[in-house]
Protein chains: 2
Amino acid sequence: MNAPLPAQLLPKLEPRPVPPAMLDALKERFGARCSTALAVREQHGRDESPFDVPPPEVVVYCESTDEVAAVVKLADQYAVPVIPYGAGSSLEGHLLAVQGGVSIDVNRMNKLVALHAEDLTVTVQAGVTRSQLNNEIRHTGLFFPIDPGADASIGGMSATRASGTNAVRYGTMRENVLGLTVVTANGEVVHTGTRAKKSSAGYDLTRLMVGSEGTLGVMTEITLRLYPQPEAISAAVCSFPSIAAAVNTTMQIIQMGVPIARCELLDTNAVRAVNRHDKLSLREGAMLLMEFHGTEASVAEQIATVEQIAGEQGGEAFEWASTPEERTRLWTARHHAYFAGLQMKPGCRTVTTDTCVPISRLADCLLDTVAEVDASGLAYYIVGHVGDGNFHVAYLVDPAIPTERETAEQLNLQLVQRALSLDGTCTGEHGIGLHKMGFLLDEAGAGAVEMMRTIKHALDPKNIMNPGKIFSA
Amino acid sequence: MNAPLPAQLLPKLEPRPVPPAMLDALKERFGARCSTALAVREQHGRDESPFDVPPPEVVVYCESTDEVAAVVKLADQYAVPVIPYGAGSSLEGHLLAVQGGVSIDVNRMNKLVALHAEDLTVTVQAGVTRSQLNNEIRHTGLFFPIDPGADASIGGMSATRASGTNAVRYGTMRENVLGLTVVTANGEVVHTGTRAKKSSAGYDLTRLMVGSEGTLGVMTEITLRLYPQPEAISAAVCSFPSIAAAVNTTMQIIQMGVPIARCELLDTNAVRAVNRHDKLSLREGAMLLMEFHGTEASVAEQIATVEQIAGEQGGEAFEWASTPEERTRLWTARHHAYFAGLQMKPGCRTVTTDTCVPISRLADCLLDTVAEVDASGLAYYIVGHVGDGNFHVAYLVDPAIPTERETAEQLNLQLVQRALSLDGTCTGEHGIGLHKMGFLLDEAGAGAVEMMRTIKHALDPKNIMNPGKIFSA
């Protein structure tokens with residue numbers, strides 16, 4: 001395994017200064033929307049990853065594709081890195097300016113460009129967040145299902161190939177991005193895809209960009225698939241006597257082909273954390289949080305099947321959240337798990353794992369991991385999009401105690417090794433970023449990573465697009 | 001529009017001879033499995049496209065990934081083109097040896113490598129055909145839904161990003177290929193993807209290869225998603241008073257989110273052709289052929305909704321095919337449409353269109369096209385995966401009458417222009433091949449095509465992987 005050891009985890013810093021002439025050009029074009037204030041730079045120089053690195057040299061607030069192109073053209077001219085910035089919710093250090101450069105803030109690019117309800121498509125600017133999108137299209141009776149928890153930007157979600165709670169039924173950003181407007185490394189504007197549901201027209205540049213973490217271009221507009229709001233939605237909570245029982249239930253649900261919309265695991269620690277944080281009174285044991293979408297009859301059928309499976313595994317009676325308010329409360333609590341977890345150990349930081357395995361391997365992967373982390377004595381909780389075979393162990397690490405971080409990284413390494421040996425992946429949805437470059441090499445092999453590097457060099461010969469991420473240059 | 005005119009449609013021939021030393025090396029390694037017999041070469045030098053070009057210089061029957069790699073290594077050494085050959089069912093000239101070279105026949109690579117029913121995945125060699133796959137996995141209760149009509153190889157279906165009748169519910173090869181084994185242009189073997197359902201691990205090389213038409217590497221093994229055979233399947237035929245009524249019904253079915261599994265249009269000409277070819281007695285008018293998958297209750301609900309929509313559009317009462325035998329007879333007839341159509345005009349060849357548009361634009365696109373082709377006087381029929389906005393006009397062209405071919409190409413051009421103006425694509429599932437290079441430029445724009453070319457040059461610097469397809473070098 002080539003996975004990084006804790007001592008090597010600090011990102012390699014290779015600052016490439018922004019020359020005064022470039023700074024002048026940016027200031028001339030963007031005025032007050034170009035900032036070198038330390039507070040602004042620091043805000044754009046961190047995310048939810050456990051890394052601390054110097055911030056970018058300058059932040060530019062762009063309001064259009066043309067403005068992004070103008071910044072990238074200057075960056076190309078002066079061979080300076082550019083890093084797109086959306087909601088700042090990355091967990092893997094994607095936003096960190098390990099080689100300095102310019103942060104391109106797309107938050108003001110927050111408009112719906114074209115809503116085609118009759119085609120179930122929408123085109124949005126990259127800074128639109130998922131909750132904003134769903135608020136703005138609610139009147140159409142449609143919704144965008146991809147929900148990574150954080151209120152991430154659609155640009156960021158595309159860049160990391162995000163997924164989250166609804167992916168088990170609706171797929172990930174991979175399946176739900178139809179087309180893109182991209183600013184390439186030389187500042188050209190390219191459109192990929194169409195609004196047609198499928199196409200065989202040449203290389204799938206859309207899918208190449210989705211998940212490229214800003215290293216091949218800046219996505220400025222994204223065309224998405226939408227879905228009719230289901231006629232019926234029911235959410236339920238089910239407590240299990242053990243985490244194994246919850247996982248076995250999940251595996252059977254998926255193997256039987258039940259079209260469940262959400263199938264989320266919370267371990268006892270996670271339930272305790274959200275109870276405390278959101279003032280809930282969920283039974284403190286391993287739990288599945290499930291949601292069913294469809295017609296009334298279809299939802300009833302799904303529930304009957306799942307209740308039977310859960311009952312056979314010793315699951316308690318389902319507790320129902322039938323009104324939209326109750327459902328929102330439940331899913332908000334789930335989405336707060338990250339912050340709720342942080343509060344379990346004041347002052348801690350989180351090292352989060354993201355393995356995903358074929359569904360039949362989920363029990364093997366998860367239960368051995370639980371035994372391992374229990375034995376380590378480190379504080380943790382587990383949440384998981386288990387319907388997809390994807391779960392997150394969040395190790396709660398005291399920054400003042402270096403051995404805790406080392407233990408967490410060692411446990412993460414062991415978990416990734418386990419997932420790869422089970423035909424899985426080191427990252428189901430968070431991306432590689434800075435943290436998993438060694439894991440990517442283990443997973444994909446040197447040949448595939450070299451193929452990625454060849455593509456990167458060809459499309460970004462000066463290595464200015466979010467350099468230092470995914471793989472070493 | 002940069003679309004080719006009929007006179008320019010003949011592929012540019014730039015033969016790159018196989019040197020005697022390479023031929024000797026191939027013969028030494030492959031013995032009788034390396035053939036230069038004219039009949040063998042000619043068999044590998046044509047497909048279902050309307051082009052005639054000289055055949056490849058040599059055909060090699062490979063039996064393993066290592067053997068494919070050995071051929072490609074020699075091709076790399078001598079800078080000679082290689083063209084993968086599966087079932088030969090391409091419609092766009094993908095297999096034609098426009099620059100000479102070696103045809104790599106993968107039909108003997110026809111084994112299931114690993115069936116993981118418990119994970120709903122299977123890994124197959126590239127020469128396995130879709131019907132073979134479904135026969136071999138039937139005992140598991142699972143099936144692979146992608147069905148392009150022809151009994152294509154899984155390798156070819158991956159290479160063209162194929163879809164077909166079930167895509168409206170199950171997606172295309174884009175959504176259903178999890179991972180690949182690929183022989184790259186320098187003869188290295190690379191693995192992409194894992195068996196996990198989702199991943200954010202670096203560039204999506206799997207999706208880059210799917211649809212690359214053999215121009216970036218030879219896919220030798222493919223890992224696919226499988227689906228549980230539905231508890232209930234019902235197929236129905238519904239005749240409409242006009243093609244407009246059939247199309248309007250389709251649009252409403254999709255816009256309401258009915259999870260229909262197949263929604264196929266046949267125009268009156270197509271119905272007449274399959275009636276004659278398959279000795280059926282379908283009512284000779286515009287028709288939808290539909291199939292519903294799900295639980296008994298879900299299928300009943302879908303049918304009730306669709307019957308109501310169709311009734312409002314003047315559709316006749318549904319005729320049901322409930323037994324597997326009746327369903328097979330119906331879908332076999334649909335799959336025979338291509339050959340049935342050819343028999344409508346003895347000695348003719350087919351020029352087939354493949355546009356796909358957003359669902360709300362389907363009526364605009366299809367009805368104007370019908371008016372145009374009716375006015376031309378050319379014989380034709382239409383079949384379509386209309387649930388996806390994708391349909392095929394098959395112009396029946398007498399090779400002895402050049403003006404017919406010219407008319408067909410002119411009509412195709414007009415149709416593509418219409419589809420692009422409606423935010424659609426020139427090819428929903430057949431690929432670019434030789435025929436649509438000009439259309440690709442119109443659709444994707446020079447910037448995106450240049451991005452494709454840059455990737456091609458980087459990954460295949462000697463331009464040996466199926467050269468001359470998708471875009472000019």
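The figures follow:
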quantity: Failed criterion for residue B:94 (all others in (1) within 14 Å of chain A (Cβ to nearest Cβ); (2) in a strand (DSSP E or B); (3) closer than 30 Å to residue B:20 by Cα hold); calculated: (2)
quantity: The stretch B:255-284, residues that are open to solvent by less than 30 Å² (accessible area, probe 1.4 Å) and within 14 Å of another protein chain (Cβ to nearest Cβ); calculated: B:258, B:260, B:261, B:263
quantity: From B:264, B:316, B:326, residue being in contact (Cβ under 8 Å) with a residue 40 or more places away in the chain and part of a loop (DSSP other than H, G, I, E, B); calculated: B:316
quantity: Every pair of residues 6+ apart whose Cβ atoms lie under 8 Å, when the first sits in the stretch B:418-429 and is more than 7 Å from chain A (Cβ to nearest Cβ) while the second is surrounded by fewer than 21 Cβ atoms within 10 Å (Cβ to Cβ); calculated: B:418/B:364; B:418/B:368; B:420/B:442; B:422/B:364
quantity: Boolean, residue A:201 is open to solvent by 10 Å² or more (accessible area, probe 1.4 Å) and among the hydrophobic types (A, V, I, L, M, F, W, C); calculated: yes
quantity: Cross-chain or 6+ apart pairs with Cβ under 9 Å, the stretch A:389-405 first and within 14 Å of chain B (Cβ to nearest Cβ) and open to solvent by 10 Å² or more (accessible area, probe 1.4 Å), then part of a strand (DSSP E or B) and of a type in the set (S, T, N, Q); calculated: A:392/A:352
quantity: Yes/no for residue A:432 being in contact with an Asp or Glu (Cβ under 9 Å, 6 or more places away or on another chain) and at the interface with chain B (Cβ under 7 Å from one of its Cβ atoms); calculated: yes
quantity: Residues being under 20 Å from the mean Cα position of the chain (by Cα), modelled with pLDDT of 95 or more and closer than 24 Å to residue B:417 by Cβ - total across the stretch B:442-473; calculated: 4
quantity: Filtered residue count, the stretch B:205-224, keeping only those that are at the interface with chain A (Cβ under 8 Å from one of its Cβ atoms) and open to solvent by 10 Å² or more (accessible area, probe 1.4 Å); calculated: 0
quantity: Number of the exception - residue B:340 against (1) more than 30 Å from residue A:226 (Cβ to Cβ); (2) in contact with a Leu (Cβ under 8 Å, 6 or more places away or on another chain); calculated: (2)
quantity: Residues that are among the hydroxyl-bearing types (Ser, Thr, Tyr) and assigned to a helix (DSSP H, G or I), drawn from the stretch B:339-369; calculated: B:360, B:369
quantity: Any hit, the stretch A:119-129, residues being within 14 Å of chain B (Cβ to nearest Cβ), of a type in the set (Asp, Glu), in contact with a helix residue (DSSP H, G or I) (Cβ under 7 Å, 6 or more places away or on another chain) and touching a residue at least 12 places away in the same chain (Cβ under 8 Å); calculated: yes
quantity: Selected residue (only one of B:384, B:314, B:377 is at pLDDT 95 or above and open to solvent by less than 10 Å² (accessible area, probe 1.4 Å)); calculated: B:384
quantity: Residue list for the stretch A:165-183, filter: touching an Asp or Glu at 6+ places or on another chain (Cβ under 8 Å) and either farther than 26 Å from residue A:254 by Cα or more than 10 Å from chain B (Cβ to nearest Cβ) (or both); calculated: A:165, A:166, A:180, A:181
quantity: The stretch A:125-153 - residue that is of a type outside the set (D, E, K, R) and assigned to a strand (DSSP E or B) and, of those, surrounded by the most Cβ atoms within 10 Å (Cβ to Cβ); calculated: A:153
quantity: Conditions (1) open to solvent by less than 10 Å² (accessible area, probe 1.4 Å); (2) under 29 Å from residue A:426 (Cα atoms); (3) in contact with a Lys or Arg (Cβ under 6 Å, 6 or more places away or on another chain): number failed by residue B:165; calculated: (2)
quantity: Every residue from the stretch B:75-97 that is among the aliphatic types (A, V, I, L, M) and either at pLDDT below 95 or under 22 Å from residue B:353 (Cα atoms) (or both); calculated: B:87, B:91, B:95, B:96
quantity: Residue list for the stretch B:447-473, restricted to those being outside any loop (DSSP other than H, G, I, E, B), at the interface with chain A (Cβ under 9 Å from one of its Cβ atoms) and either within 18 Å of residue A:457 (Cβ to Cβ) or open to solvent by 10 Å² or more (accessible area, probe 1.4 Å) (or both); calculated: B:447, B:450, B:451, B:452, B:454, B:455, B:456, B:457, B:458, B:459
quantity: Answer residue from the stretch B:187-198, given it is open to solvent by less than 30 Å² (accessible area, probe 1.4 Å) and assigned to a loop (DSSP other than H, G, I, E, B) and is nearest to residue A:438 (Cα to Cα) among those; calculated: B:194
quantity: Positions within the stretch B:143-195 being more than 17 Å from residue A:172 (Cα to Cα), hydroxyl-bearing (Ser, Thr, Tyr) and at pLDDT 95 or above, in sequence order; calculated: B:153, B:158, B:160, B:163, B:181, B:184, B:192
quantity: Looking only at the stretch B:347-363, and only at residues there that are of a type in the set (D, E, K, R) and modelled with pLDDT of 95 or more, the one that is nearest to residue A:196 (Cα to Cα); calculated: B:361
quantity: The stretch B:97-124, residues that are assigned to a loop (DSSP other than H, G, I, E, B) and not polar (S, T, N, Q); calculated: B:97, B:98, B:100, B:101, B:106, B:108, B:109, B:111, B:120
quantity: Enumeration of residues in the stretch B:65-79 that are out of contact with any helix residue (DSSP H, G or I) (no Cβ under 9 Å at 6 or more places or on another chain) and either more than 30 Å from residue B:436 (Cβ to Cβ) or open to solvent by less than 10 Å² (accessible area, probe 1.4 Å) (or both); calculated: B:65, B:66, B:68, B:69, B:72, B:73
quantity: Only listed residue being assigned to a loop (DSSP other than H, G, I, E, B), within 19 Å of residue B:93 (Cα to Cα) and among the charged types (D, E, K, R), chosen from B:41, B:46; calculated: B:46
quantity: Of all residues in the stretch B:108-142 being over 22 Å from the mean Cα position of the chain (by Cα) and among the aliphatic types (A, V, I, L, M), the one that is farthest from residue A:257 (Cα to Cα); calculated: B:113
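The rows are residues; the columns are (1) in a helix (DSSP H, G or I); (2) closer than 23 Å to residue A:423 by Cβ; (3) not aliphatic (A, V, I, L, M).
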{"position": "B:155", "(1), (2), (3)": "yes, yes, yes"}
{"position": "B:158", "(1), (2), (3)": "yes, yes, yes"}
{"position": "B:169", "(1), (2), (3)": "yes, no, yes"}
{"position": "B:174", "(1), (2), (3)": "yes, yes, yes"}
{"position": "B:185", "(1), (2), (3)": "no, no, no"}
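The values are calculated or read from the model by the stated rules, or taken from the named source; none is laboratory data. Everything quoted here is computed from the prediction, not taken from an experiment. Cβ coordinates were reconstructed from backbone atoms using ideal geometry, including for glycine residues, and neighbour counts include every protein chain displayed. The accessibility values were calculated without ligands, DNA or RNA, using every heavy atom of the protein model including side chains. Shrake-Rupley method; radii C 1.70, N 1.55, O 1.52, S 1.80 Å.
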